[in-house]
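Participant: Below you will find the structure I want to go over with you.
The values are calculated or read from the model by the stated rules, or taken from the named source; none is laboratory data. Remember, it's a predicted structure, so these values are computed and weren't measured experimentally. Quick reminder, even Gly has a Cβ in these numbers, built from the backbone with ideal geometry, and neighbours come from all protein chains shown.
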Amino acid sequence: MKLRALLAAAVVLAMVTSAQAVQLVVMSVNTTAVAGAKVFTIGVKVSQSDVTAPGAGNNPPLFAQGITFTGTGTNPIQATPTAANKQDVQSIQTAFIDTSAGNNGGPPSPNLGSVNGAHALYNDSWWYNGAGGSLQGVIDSAGDPGTVTTNPATDGSGVYTVGPTFNVGSTGYIFQAEGTPPNPSGGAATGATMGYTGLFGPTGANGLDQSPLAGQFVSGFLTVAIAQIVTTGNLALPDSYTAGTGTFLSVGQKAYDLSGAPAGTDTAATLDFASGQIVFSPEPGTIVLAGLGVVGLLFAWKRRK
């Protein structure tokens, strides 16, 4: 009986872990911004259960290591970086949004001030990466700098919007590169590879369970944008992990693969163009079902004894 109870508890724990674990998800898909392509907003989804899971530690941060989108010759991601092609949102904010927000002595521009600016923001791939874990930029028509949030200021006339043009959360926090910086490479003709390692939110003692991020969970979940990806077809996401190296997501000291399974499961991950989802093989639920099968065999073996 004790063995059965122990195994049953292990099964329940495995199912709960699979359901709660942090994972990479598609937040939205735009099919009209770029002809023949789809624009994916990719995020990392965390539950409150992840934050309080045994082993996560105190004030757990959210960390993403080696998140990589791999293109092909037929499924390009991003052209070679140019003045109109920025690899992270802080560069877009600084180069285009700030300069169109009235800090040059003229009225703010509702269209980012240039074709190149609009291209960089809406038609290309980049990481939600900012200085110090937050997006810094112009926050009013006087050109004053500060942390950009989802509450845009106006120039007083109500005609021009100043500051943020897209959602980075009411706190303004986004990912901050750690170690390897954002590194898109390649060209439109040959495809490209985009890789990123970063930490989300404020640094120091403020974890996901502390103010101001604790209040951002909705119905028990917080989904944080990590990338905008433009592609014309499927993209592979390498998902291999060995002893702290490779690709993984972590909440505090707990590490997971991209599907939410324990790090080292190494499920194959694909950004699926047709379905607009990130698909995994095997799916996390399959791992749990396999575990149930093993437990069933153990129960049968126990009864025969």
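Participant: Is segment 253-264 home to any residue that is hydroxyl-bearing (Ser, Thr, Tyr) and under 20 Å from Ala56 (Cβ atoms)?
Facilitator: Within segment 253-264 (the criterion being hydroxyl-bearing (Ser, Thr, Tyr) and under 20 Å from Ala56 (Cβ atoms)), the answer is yes, since at least one residue qualifies.
Participant: Look at Gly207 and say whether it is at pLDDT below 90 and touching a Pro at 6+ places or on another chain (Cβ under 6 Å).
Facilitator: Yes; evaluated as a whole, the condition is true for this residue.
Participant: For segment 22-64, give me each residue that is within 13 Å of Leu271 (Cα to Cα) and touching a Lys or Arg at 6+ places or on another chain (Cβ under 9 Å).
Facilitator: Leu24, Val25, Met27, Val29
Participant: Which pairs do you get when a residue that is of a type in the set (A, V, I, L, M), found in segment 163-176, comes within reach of a residue that is part of a loop (DSSP other than H, G, I, E, B) and modelled with pLDDT under 80, reach meaning Cβ atoms under 9 angstrom, with the pair 6+ apart or on two chains?
Facilitator: These pairs meet every condition: Val168/Thr150; Ile174/Val168.
Participant: When only residues in segment 187-204 that are at pLDDT below 80 and buried (at least 19 other Cβ atoms within 10 Å of the Cβ) count, which is farthest from Gln136 (Cα to Cα)?
Facilitator: Step by step, filter segment 187-204, then rank; the result is Gly191.
Participant: Which of the residues spanning segment 240-259 are within 19 Å of Tyr196 (Cβ to Cβ) and at pLDDT 90 or above?
Facilitator: Thr247, Phe248, Leu249, Ser250, Val251, Ala255, Tyr256, Asp257, Leu258, Ser259
Participant: What's the number of the only condition in (1) at pLDDT below 80; (2) in a strand (DSSP E or B) that Asn167 fails to meet?
Facilitator: In the conditions (1) at pLDDT below 80; (2) in a strand (DSSP E or B), Asn167 misses (2) alone.
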